[in-house]
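Have a look at the structure below, then the notes.
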Amino acid sequence: MQNIKMLIKINGLFESNTQWSHIMKIPIFSDERFILYQGDALVCLQTLTDNSVDAVVTDPPYSSGGISLSARQVDPAQKYQQSDTKKTYPPMLGDGKDQRSFLSWAALWMSECWRIAKDGAPILVFTDWRQLPVMSDAMQVSGWFWQGIVCWNKRSARPQLGKFRNQCEYVLFGSKGRFLPSSRICLPGVYDHPVITQHKVHLTSKPVPLLKDLLAIAPEGCTVLDPFIGGGTTAVAALETGRKCIGMELSKEYARLTVERVQGVGRG
């Protein structure tokens with residue numbers, strides 16, 4: 001924790017260490033399957049005890065969508081949607097960091113996730129091609145062993161005249177120390193799931209079937225942590241595969257939506 005405080009001070013994310021006080025966050029929703037905190041991930045993560053979750057699966061804000069800082073700070077609704085898209089979503093928060101602050105921020109929350117995860121636990125973190133190098137750096141800086149990359153072919157992407165279409169996003173796979181496999185299944189390195197607009201509840205929603213496939217890396221019946229749960233897709237996938245989930249979300253609107261979705265998942 002002292003290293004995290006120092007990194008925060010160096011990078012100016014807070015004015016002084018006195019602001020890095022341990023604030024006990026109270027879940028806004030809790031039952032035997034799902035716990036949800038509403039607030040900043042770096043604060044909420046402090047609430048969880050060491051070595052208490054079996055896996056970390058998350059889709060943090062990419063702070064991507066352009067090469068320059070000005071391009072990254074454009075409204076995410078303009079960055080990540082086709083110009084003719086009709087559907088609108090609640091505002092997406094925390095997506096305008098420059099590269100240096102993004103690296104520091106990612107290392108901070110992944111360090112907390114490392115503390116909370118059990119030995120041998122997997123971590124899966126979504127990213128795009130622009131942020132793949134810096135996200136792999138952050139994963140290793142925070143103590144995780146980088147194990148590889150999973151490719152998600154989402155099939156759809158903007159056409160680029162004379163260039164390759166960027167139709168894939170990526171999932172960095174790491175582990176806390178030596179990875180401890182939970183099964184003898186050989187999982188693929190590429191998943192093919194289309195983005196179906198009618199099923200999206202968040203600007204950058206991932207398909208539930210994709211998350212259910214990825215959760216095969218985690219033990220059955222385990223507890224999965226997602227500090228950037230967005231519209232609740234990780235929670236839905238966890239519950240539908242017989243796992244439990246702890247989620248965190250900065251946006252009050254998306255937190256409410258997540259609770260609604262989770263309450264709609266049957267108890268098989």
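Step through the table entries 118/200; 176/200; 25/97; 97/212, compare each Cα-Cα distance with 28 Å, and write down the pairs that go over it. Before the final figure, lay out each step's value.
Working: 118/200 32 Å; 176/200 32 Å; 25/97 25 Å; 97/212 30 Å.
As for pairs spanning more than 28 Å Cα to Cα, those are 118/200; 176/200; 97/212.
Hey, what do the phi angles of region 139-153 turn into as Karplus ³J(HN,Hα) couplings, whole Hz, using 6.51/-1.76/1.60 and θ = phi - 60°, x for Gly and Pro?
3J(HN,Hα) across region 139-153, in whole Hz: 4, 6, 4, 7, x, 6, 7, 6, 9, x, 10, 9, 9, 10, 8.
Tell me, how many Å apart are the Cα centres for region 206-268 and for region 99-167?
19 Å
Fewest first, what order do 193, 199 take by the number of other Cβ atoms within 10 Å?
Values: 193 17, 199 12.
Ascending number of Cβ neighbours within 10 Å: 199, 193.
Going by amide H atoms built from the backbone, whose H comes under 5 Å of the H on residue 248, apart from near neighbours?
Hits under the 5 Å cutoff: 37, 226, 228, 229.
I need the calculated FRET efficiency for the pair residue 200 and residue 137, taking r as the beta carbon distance and R₀ as 30 Å, to the nearest 0.05. Could the numbers behind the result be given before it?
Numbers: r = 30 Å, r/R0 = 1.00.
Once the sixth-power term is evaluated, E becomes 0.50.
For region 100-111, in order, what is each residue's ³J(HN,Hα) by Karplus, 6.51 cos²θ - 1.76 cosθ + 1.60 with θ = phi - 60°, in whole Hz (x at glycine and Pro)?
Result, ordered by residue: 5, 5, 5, 4, 4, 4, 5, 5, 5, 6, 6, 5 Hz.
Just to be sure I understand the model, the point goes 7 Å from the Cα along the line to the Cβ. What's the resulting residue 118 to residue 99 distance in nm?
3.9 nm
Could you run the Karplus curve 6.51 cos²θ - 1.76 cosθ + 1.60 with θ = phi - 60° over region 180-196 and give me ³J(HN,Hα) per residue in whole Hz, x for Gly and Pro?
10, x, 9, 7, 9, 6, 8, 7, x, x, 9, 10, 10, 9, x, 8, 9
What is the set of long-range amide H partners of residue 52 at a cut-off below 5 Å, with H atoms built 1.01 Å from backbone N?
117, 118
What fraction, in whole percent, of alpha-carbon pairs in region 200-268 exceed 21 Å separation? Provide the component values of the computation, followed by the final result.
Numbers: 353 of 2346 pairs.
In whole percent, the long-distance tail amounts to 15.
Computed from the coordinates by the stated procedures, all read-outs in this text should not be read as laboratory data. The shown structure was predicted, so the numbers you read here are calculated from the model rather than taken from an experiment. With ideal geometry, Cβ positions are generated from the backbone for all residues, glycine too; neighbour counts draw on all protein chains shown.
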